[in-house]
1. What three numbers, in Å, describe the spread of the alpha carbons of the range 6-76 along their principal axes, ordered from the longest?
2. If you average the sequence gap of Cα pairs under 8 Å that are 6 or more apart and divide by the length of the range 11-329, what percent do you get for the contact order?
3. Which distance in Å, rounded to a whole number, links the C-alpha centroids of the range 51-116 and the range 179-197?
4. Any chance you could list P(r) for the range 118-176, counting all Cα-Cα pairs in 5 angstrom bins from zero, rounded to whole %?
5. Can you say what percent of the DSSP beta bridges in the range 59-217, counting only those with both residues inside, are antiparallel? Round to 5.
6. Using only the Cα atoms of the range 134-207, each taken as one equal point scatterer with no solvent, compute I(q) by the Debye sum, divide by I(0), and report log10 of the ratio at q = 0.12, 0.16, 0.21, 0.26 Å⁻¹.
7. Any chance you could run the full-extension gain for Arg64 through Glu8? It's 0.36 nm times the residue separation minus the Cα-Cα distance, nm to one decimal.
8. In the Gaussian network model of the chain, springs joining C-alpha atoms below 10 Å, which of Ala223, Ala201, Ala131 carries the largest mean-square fluctuation?
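Derivation of every value follows stated rules applied to the coordinates shown; laboratory data play no part. As the structure is a computational prediction, the values presented were derived from the model and not from experiment. Virtual Cβ from ideal backbone geometry, glycine too; neighbours counted across all protein chains shown.
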Amino acid sequence: MFGCGGTEAAPEEVAVFAAVRPAGFILFARNCDNPGQVRALTAALREAAGNPDALVLIDQEGGRVARLRPPHWRKPPPAAAFGRVWRHDQRLAVEAARANASLIGLELASLGIDTDCAPVLDLGLPDMTAAIGDRAFAADPEAVAALGRATVDGLLDAGVLPVIKHIPGHGRARADSHRVLPRVDALRDLLEASDFAPFRAMADAPAAMTAHVAYDALDPGIAATLSNRVITHTIRGTIGFDGLLFSDDICMGALAGSHRDRTAAALAAGCDLALHCSGVLAEMEDIAAYIPPLAVGARARLRSALQRRHEAERTLDRAALLSTLARAGLADIDGQGA
């Protein structure tokens, strides 16, 4: 899975994509200027890959992690806002989270973006890295699981594939994995009872993204993304997730070595797809010289995820969805109109 450098696919990028035929692409704010331009870009990327079903991903969580922003796009609330509603009205919080996700999904689908890297199922624990912060729904695993389920269902209602993250849990990390490899020293029993719980409750989700976090109790010193032990025994085993598994961005500072080596290690560990997000052409060319065909199991999981997306498409009433957000007090959060 590749990014690209700007608002159009450059000829040099198109040549790489045509040769490699990646499973899909991921967009960032640098790629999104206005609706017409984004629609043209997603179409051009799929054409370059020679695959009308090539996934196009984006991180449109809400709050500070939203690649699509005003004035062209609605500013969705951060996950923590739904956690605050949960504390006084659980039913309304779930309804609002689902409505918000459906609104995001409708917006993405209109642009040719079919996959949202959300929801975050990491626990919002105190004194941990601000890299998660209000991206988490709450500290309570039950609340995270319920609001995560609502978000997954809302995206699927709009025909958009959700990607739960960062499995098996980034909430106890004290460092930012964009810069360094965080180490979590919590005991396995605590992790299984708390951090893993939302992911276990959502083990039937169509797709997930790994955490660039090392867990002393699971495989010391190795990021989960690169650990066959964590992916096999914890993610696929203890948690029971059997859907499509993406790596987090292999360009992040938590990982060491060349981008080609990082890609190889993530795939060897058990990730189905590796995300290269920088859009730097030289890095993509280096990876392109290595990339193997999709593994048999990965291909089957990709087909299954695509089927979930296609089955979910339905008619949604945008005004009713906005009304649900208004009832929760989230229709005009942070001064931005819904």
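1. 37, 18, 17
2. 16 percent
3. Each part reduced to its Cα centre gives a spacing of 27 Å.
4. 4, 22, 29, 22, 13, 7, 3, 0
5. Approximately 20 percent, going by the DSSP bridge assignments.
6. Debye output, listed in q order: -0.36, -0.62, -0.97, -1.25.
7. Extra length available between Arg64 and Glu8 comes to 17.7 nm.
8. Ala131
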